[in-house]
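Data block below; observations after.
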Amino acid sequence: MEQTTVIPARPEDNAASQANLNISRELVSTEIIYEPSVLYHASKRFLDFTLSLIGLILLVPVFLIIAICIKLDDGGEVLHFREIIGLHGRRFFALKFRTMITNADDYLAKHPELRRKYLQNMKLDRDPRITRVGRFLRKTSLDELPQLFNVLLGQMSLVGPRMIHPSELPRYGEWANKRLAVKPGITGLWQISGRQHISYSERVLLDMRYIDHRSLFIDLAILVKTFKVFVIHTGA
């Protein structure tokens with residue numbers, strides 16, 4: 001495997017310049033990873049652990065309500081376990097509330113045209129496999145709340161690049177090594193940048209721009225923006 005050069009974060013990078021994350025292929029480095037300070041990593045892990053633990057405790061009633069709704073809807077499993085490739089290529093299963101019919105993969109296999117469209121962008125605009133409850137959970141991102149367990153265990157972070165299945169890694173091309181240098185996140189630039197309306201290649205660029213510019217300021221800004229998006233989608 002080709003070696004990746006790790007360079008400490010540049011002190012001249014200030015919060016203002018970091019916040020201006022334009023999607024531009026020319027501005028994304030391939031083999032150089034600007035590694036934040038030890039203080040950043042320690043602060044990020046403290047934030048991840050503390051907020052995920054508090055969130056899991058406070059959200060127990062919400063989890064129970066969602067579980068009951070899923071069971072009443074079609075009687076299937078409450079949780080979906082998705083295999084993810086994470087930091088340094090380690091694989092784990094990310095938890096999500098199930099939002100699709102129980103035989104979702106078989107459904108795609110029986111509909112080649114839908115499968116082709118799905119593989120093109122790893123999503124479908126009007127996915128017929130999504131259940132009634134699942135549609136609401138996806139719209140509000142409530143289906144992703146169980147991933148707080150993955151954050152608590154240190155497999156994921158609250159903020160980071162999108163979580164991806166191992167089969168998706170080749171689509172990152174020359175940026176594959178770079179992608180594996182950071183934990184996947186529950187939210188990130190892709191989450192607050194119109195995730196339903198951007199292409200796969202644009203999502204990859206957003207992941208790379210986050211890796212190049214990550215800082216505690218950026219993480220906090222993304223968390224605040226994510227909360228605002230959540231409030232808007234839930235109609236609060």
Problem set entry | Every residue from segment 59-94 that is crowded, with 16+ Cβ neighbours inside 10 Å and within 25 Å of Val182 (Cβ to Cβ) | His80, Ile84, Ile85, Gly86, Leu87, Phe92, Ala94
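Would you point out which residue out of Leu148, Leu51, Leu56, Leu153 is under 17 Å from the mean Cα position of the chain (by Cα), within 29 Å of Ile211 (Cβ to Cβ) and surrounded by 16 or more Cβ atoms within 10 Å (Cβ to Cβ)? Spell out how you get there, then give the answer.
Working: Leu51 fails: surrounded by 16 or more Cβ atoms within 10 Å (Cβ to Cβ); Leu56 fails: under 17 Å from the mean Cα position of the chain (by Cα); Leu153 fails: surrounded by 16 or more Cβ atoms within 10 Å (Cβ to Cβ).
When all the criteria are applied, what remains is Leu148.
Looking at Ala67, Ala94, which is the one that is out of contact with any helix residue (DSSP H, G or I) (no Cβ under 9 Å at 6 or more places or on another chain), modelled with pLDDT of 95 or more and either among the charged types (D, E, K, R) or within 27 Å of Arg135 (Cα to Cα) (or both)?
Working: Ala94 fails: out of contact with any helix residue (DSSP H, G or I) (no Cβ under 9 Å at 6 or more places or on another chain).
Selected residue: Ala67, the only one of Ala67, Ala94 that is out of contact with any helix residue (DSSP H, G or I) (no Cβ under 9 Å at 6 or more places or on another chain), modelled with pLDDT of 95 or more and either among the charged types (D, E, K, R) or within 27 Å of Arg135 (Cα to Cα) (or both).
What tally of residues in segment 99-110 results from selecting those that are free of Cβ contacts under 8 Å to residues at least 40 places away in the same chain and either in contact with a strand residue (DSSP E or B) (Cβ under 9 Å, 6 or more places away or on another chain) or surrounded by 14 or more Cβ atoms within 10 Å (Cβ to Cβ) (or both)?
Within segment 99-110, the subset free of Cβ contacts under 8 Å to residues at least 40 places away in the same chain is 100-110.
Right, trim to either in contact with a strand residue (DSSP E or B) (Cβ under 9 Å, 6 or more places away or on another chain) or surrounded by 14 or more Cβ atoms within 10 Å (Cβ to Cβ) (or both) and you get 100-102, 104, 107-108.
Residues meeting the conditions: 6.
Just for helices (runs of 4 or more DSSP H) wholly inside segment 103-208: which have at least 3 residues that are within 28 Å of Lys71 (Cα to Cα) and out of contact with any Pro (no Cβ under 9 Å at 6 or more places or on another chain)? Break it down stepwise before answering.
Details: elements: 104-110, 112-121, 132-140, 147-152, 176-179.
Qualifying helices (runs of 4 or more DSSP H): 104-110, 132-140, 147-152.
Look through Ser141, Ser193 and report the one residue that is out of contact with any Gly (no Cβ under 9 Å at 6 or more places or on another chain), surrounded by 15 or more Cβ atoms within 10 Å (Cβ to Cβ) and on the phi > 0 side of the Ramachandran plot.
Ser141
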Exercise. In segment 137-175, what count of residues is obtained for those that are hydrophobic (A, V, I, L, M, F, W, C) and under 20 Å from Glu77 (Cα atoms)?
Worked result: 5
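Evaluate segment 216-233: report whether one residue or more is in contact with a helix residue (DSSP H, G or I) (Cβ under 6 Å, 6 or more places away or on another chain) and hydroxyl-bearing (Ser, Thr, Tyr). Please lay out each step first, then the result.
First, pick out the residues of segment 216-233 that are in contact with a helix residue (DSSP H, G or I) (Cβ under 6 Å, 6 or more places away or on another chain): 216-218, 233.
Now narrow it down to the ones that are hydroxyl-bearing (Ser, Thr, Tyr): none.
No; the residues of segment 216-233 include none that is in contact with a helix residue (DSSP H, G or I) (Cβ under 6 Å, 6 or more places away or on another chain) and hydroxyl-bearing (Ser, Thr, Tyr).
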Exercise. Restricting attention to segment 70-91, which residues are at pLDDT 95 or above and in a loop (DSSP other than H, G, I, E, B)?
Worked result: Val78, Gly86, Arg90
Exercise. Is it the case that segment 38-45 has a residue that's in contact with a Pro (Cβ under 6 Å, 6 or more places away or on another chain) and modelled with pLDDT under 95?
Worked result: no
Exercise. Do you know which of the residues in segment 117-138 that are surrounded by fewer than 18 Cβ atoms within 10 Å (Cβ to Cβ) and within 15 Å of the chain's Cα centre (by Cα) is modelled with the lowest pLDDT?
Worked result: Met122
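The values are calculated or read from the model by the stated rules, or taken from the named source; none is laboratory data. Fair warning: this is a prediction, and the values are worked out from it, not measured in the lab. Counting neighbours? That spans all protein chains shown, and the Cβs are built from the backbone with ideal geometry, glycine included.
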